[in-house]
1. Could you tell me the convex hull volume per residue, in Å³, taken over the Cα atoms of segment 554-754?
2. Can you work out the FRET efficiency for the pair residue 1020 and residue 540, with r the C-beta to C-beta distance and R0 = 60 Å, to the nearest 0.05?
3. Once the piece of chain linking residue 587 and residue 446 is laid out straight, how much longer is it, given 0.36 nm per residue of separation minus the C-alpha distance between them?
4. Can you compute the FRET efficiency between residue 622 and residue 902 using 1/(1 + (r/R0)^6), with r the Cβ-Cβ distance and R0 = 51 Å? Round to the nearest 0.05.
5. Before anything else, pin down the relative contact order of segment 615-747: Cα pairs under 8 Å, at least 6 apart, normalised by residue count, whole percent.
6. Points 7 angstrom from Cα along the Cβ direction at residue 574 and residue 525: gap in nanometres?
7. If packing is taken as the average count of other Cβ atoms within 10 Å, what order do 738-744, 421-427 fall into, highest mean first?
8. Hey, rough spin-label estimate for residue 219 and residue 436, points 7 angstrom out along Cα→Cβ, what's it come to in nanometres?
Amino acid sequence: MKFCFVPGPDYRTFMQCKDLPDGDPYTGVTCPADEYPTMTQCACGYCGPWWMSGNNTCSCDTSVTSDWVTGQCCRFLFSPRTGGNIADKYIRWQGAYTSGHDDWSKGSTTLTECLQHCENQVGCRSLNWNPSTGACILSKENHRTAPSSIQTQGSYDLYERYNAALEDHPSLVRNYFHHIEGYAVAGYNVLSSAMAVTVDTCLLLCLENPDCKSVDYDYVSSAGCWLNSETRISMPSSFNMYYNYDYYEFIDNGDPQLSCNEVTETGNYAYCGMIGTWMEHFNMIEYGALAGYNNVLNYGTTINDCLQLCHDNSNCKTIDQRNIDSGSSDYVCDLSYDTRFTVGSSSDFMTGTWPSYNNFVFKGFRGDYLKDSFQHIPGHYVMWSTLSTLTKTVAECMALCYNNAYCRGFDYRSSDSTCTLKNQNRFSQPAKFFVADANWDHYEFIGSRACPPGTYSPTGYYGKVRCTPCPLGTYSSDRGSTECKVCPTGHISNQTGQMTCVLCPYNGVTDELKQKCMPCKAGYVTDGRASQFCRRSNCQAPGVAACQGQSCTEGRSSAGSSFVVMFPETLSPNATLKLFFSADPSESASVTVTSPGWSSPAISETVTVSSTGTTNVVIPRELMMTGTSKSSTGLLISSSAQISVHGVLSSSGDGQGDWFQVLPTASLGLEHYATCWTPGPGDKTLIGIVATADNTLLVITLTAAVTLDGQDYMDGQKIIVTLNQHETLQLQSDGDLTGSHISADKSVAVLSGNMALNVTAGQHQNQTGTSVEPMLPVATWGTVFAKPSVPTGRVDFVLIMSSLEHTVLTMKDGRTMKLVKRGQKIIMEHVSGESEFYITASKPVQAVAFISGGDVAPPAMLLLPPFDQGGNHFSIGLPSTSRITVLVDPCQASGMRINGHSLPPDTLATPFPSAQNATMVALTFYAHAGLFTLSHAGGHGFVAQAHHDEIVGAFSIGVLLNVRNSVTRRTFQKPHRFGTGYAISDNSKILGTKSVRHLIVCLNLCMEDPTCHSVVHAFAGANKGQCELVAHNVADLADAVFTQTDVHEIYQDVVIVTV
C-alpha cells in the first residue's frame, strides 16, 4: 500500500562500467581492485554472461565465444528515480570521521555538491563534510571496511553510502541479510537486552553496529530485536529451531551498493541466490563438502555449467563447488553420486570447515527409484525393436529408458557397456524374439513414470520435463500430480517436496503462504485446530465498532418504503436507465415509480416485487439530466413494504453498466461531501442533487470551476440555489469536484462521480461510461473499513475523506496518517498481490474505492460501507452470478445466513487486520442470479458488497445509516431576547464583517470558524446582507451591548448536535 501524495524513496539499479583495452581471452584483463573491489564484473565480447575470478581477472569461456571485443569492469549503483533526494542514499553519522583515509579532497562545497562528488567518484564509499567550512573529503572506506578508522571529530559529519532511506524502503535494507524462518542463534547477543522496534529498523541497527553479524527477531514479543556477534556458520551448535523467531544473517559483500537481486553468476551467489536456469533445480548447503566421495572432477567450469553437468548426469546427486571468491584462479566442480545421507559416516560431510566450498543437492529424485522401475532378467535380450544403441553404464541406461516414453526396456552387455533401448518387451511380441544369451542382460521396465508423491510436472509424468518438488506451502499426496495443492486451512508445508501438510498447534494459524505457523496474539484464540484466524478470547465483549442493540434492527437503513432519485447524464447514446428493486423473498411489495414534476413524458408505473426474480422499471431517457442545469426530473418511488433500490446506467440494455444504491428518504441528511476521480481527456466530474421538500436552500462550496445559468463559479466559491420538492440539480466540471461541500436546510439525496471513469491500472486503462455512487450524509460516516484483496494484474485506489479536523488514520500494519482539515482527502493504492485493505479512523470518515477493472471488466466506483454501520438483515436482487463479500465480527462469522441457510462450504474467510488478531473477517462466496436475503442468526451486524467482474462491476448491498457522527454540525437558533430587531454595538465583540446574499451563508461562515459563536445579520435597511461574526454566545453578553434597530436578527450556536 502506498500513499499517492507521499511517495516513498524509489530507486533504480544501473551498471556503471569502464572500458578496458582489448585483451586475450586466455590471459584475461585485470580490473583495478581499489575501484572495483569484490563486485567487479567483466563483459566478454558478445557472449552476454559475466564471469570473474577471485583475483579480479576477467576471462571468457572459449566454448561460447572466441572473440574478445572490449572488456569492461562494472559495478552496480543505485540512482533515485524522478523526485528522489540524493541525501536519501546516505546514512549520516554526526560528529564522526574516517581518520587516515582521506582519498579525495574536493575543497569547500555544499552538502549536496559533496554528495554528488561521491556519486561521480568511482570507489567512493563515504565522505566527511564540515558544516562550518564546507570541507568535502571523499573516502574509499566505511565503518564496515575500516571500523577502527571511525573516530569522533566534532566539526565533521560522516556520510556513508548505503542504499537510500533504508527505514522507508525495507526491500533495500533486507538485501543485506540472508533470511531463515523459525531459527535463531542463542547466547551471543551484542546488547544485553532486546529492543522494541520493527524488523526493518532492527536490521538497520545491525548495519550500524560493526559487531553485529546476525539478527534474531522475535515477531511475537513486543521487544523482539536481538543483535548477534556470531552466525550459524561460526556457531553451528547454537543455531536451533525456535517457533517464534526469524534469523537474519548479514551479507558482507564488500560494497553496500550491491543488490542481491542483481547478482547472476558472479559475486556472492552463496548468499544472494542465482538468477539462472540451473540453480532452480538445486538446494545449497553453504560452506559444506563431501570428503572422498567425488565421482567426477571438473575444472574451469562456471557455476551454471557445473550445475548443468550434474543436472544432465542421471547419477549425480550433489556437487561440491568451490566459491569463486576464494582467491583461486580456477573453478572446482566435483560431482558426487552420494549425498550427506548416503555416505559411510556423517563425519565425511564437512560443514563449516570448508569456507571456499558450497554443497549443492539436486532437488529431483535419483537412485533407488530407477532400480525399482526395472525387472532384471539375466542372460536374455529382445530381438529387433531397437530405439538406440549407446555406450553407457547400467544406471545411465536406466535413466535414458525411464526418460523415454517409448522405451519398454533395454538390453545391456557388460563386456563393452553396450546399452540398447527397446520399444518392445518379452510379452509385447512373439516369444521367439526373447532370446537366451549369456552375454546380455535384459532390464524390463515395470515401474510407473508418474511423478511420485510430493512432486509434480505439467504432464504428471517424469520425462523430458523432470518431476519438480512441490513448493513451500503446497503438497501432493498422489502419484502423477500435474500440480501441487495448497495446504488446507490451519496446515503448513515448510519444506519442498511434501506429501502431506502439518497441522498447526492450538491457538496457532498459518501465514498467507501456508509456510509458517503463527501463534495468536495476546487476547485472541482459535475455535480449535485448523482455524483460519484468531478471534478475541472474550466473544461476550463488543467487537470493533460493533452494532449494538436496537440500532442493528430499527435504525435508518438503505432499505425503505419511500425514495427519491435522479439519473445523471451518460455519454452513451444507447444508454438504458433502469431501477432494480429487491424485497425480502418471504413477502411481496407493490412498487410505484412516478415523475411528479415531469410530464414530457411522464412516468407512472407499478410493479410487484416477489421471490420469483429481480424486478425492474425502465426510465425514459428524457428524465436523464444533461449538462450543468436545474430541472424537475426527480423520481419518486413508493412501496407497500420495505425494499432496496439500485439505479443502473446500462450501456447495452442488458444490465451491463454502472450500479448505484438509492437511499430511502428517511435516511437522507443535510450535509454531504462529493467524491470523484480526477478526470482525464473526455471525462467530467459531476454532482447530482434531489430535493425532498419545497424551498430547500442549498449552499455548495466548490473545489473546481462550474458554469451554472451563464455564471462562472471558481474553486472555493459558493453556489446558492433553492430547490422545490423533486427538483434536481446537476453540476459538471472539467476539474475534480472531490471535496465539494453540499449543505442544505432540508434533507436531500446526493450522488457524485464521473461521466467517463478511467482508472489507470498498469497495462489496463479501460474506460467506462458514467459511474456514480450515493454520498452518505456526513452524520452517518464511520470509522472502520475493509476491502478484499485485489485480483492479479489490477491496481485499485481507496479515497478517504475526513468529516472533522485532526482525524488519525491507522493502517493494518500500524502505520498512521493524519487528516488535518474537514473535507480533506487522501488516496491510497491497493495493489495486486498485496493483502487486504483495512483502515480505522479516530473520527468518522467516508471511504470510496475506485476499481481499475481488467481485460474484460470495466472500471467501477464503489462506496465502502462503514463496518460500524452494519445491519443484520439485507435483501438483494442479483441480475447474474456475483461474488458476495460479507464483513462480520469473527466471533459471529458462523451465524451468517443466506436465505436462512449457512453460507456455501467453499466460502473463503479473510481476516482483518491479520490472522493472528482478527477484529473483522471477510466471507467471500458466489451467488447465482435471483433474490437473496443475507441475515445473521444471532442478530449481529454486518455489511456486504457484490462484485461482478464482467457485467455490473461492484456495488454495495446494504448498510445502516444511523447518526453516529455526533460532532459533525452546529445548529443555530434565535435567542428569546434580542433575537429579532437587535444588533451588537460593541465592536470589540465582532470578529469580522462580510456582505452575503443569504442568512444561511452567514451561518456557514460562523460554522466554519471555530472562534465564532453568534452572528448578526441585516435582513433589511441600508446595510441589508451585512453579516457580523461574533466571538461570544448571546447569553454571555451584557444587555448593554445590544441596540435596537428593527432590521437585524441574531443567531447563536446552541449545542453541537447531529443531523
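Values in this text are rule-based calculations from the coordinates and carry no lab data. Bear in mind that the values here come from a model prediction, so they are computed numbers and not experimental data. Cβ sites come from the backbone with ideal geometry, for glycine too, and all protein chains shown count toward neighbours.
1. 120
2. Working: r = 63 Å, r/R0 = 1.04.
The computed FRET efficiency comes out at 0.45.
3. Once the chain is fully extended between residue 587 and residue 446, it gains 44.0 nm.
4. Values: r = 47 Å, r/R0 = 0.92.
With a Förster radius of 51 Å, E is 0.60.
5. Answer for segment 615-747 is 33 percent.
6. Placing both labels 7 Å along Cα→Cβ, they lie 6.1 nm apart.
7. Numbers: 738-744: 22.9, 421-427: 18.1.
Highest-to-lowest ranking by the protection proxy: 738-744, 421-427.
8. Label-label distance for residue 219 and residue 436, simple model: 6.8 nm.
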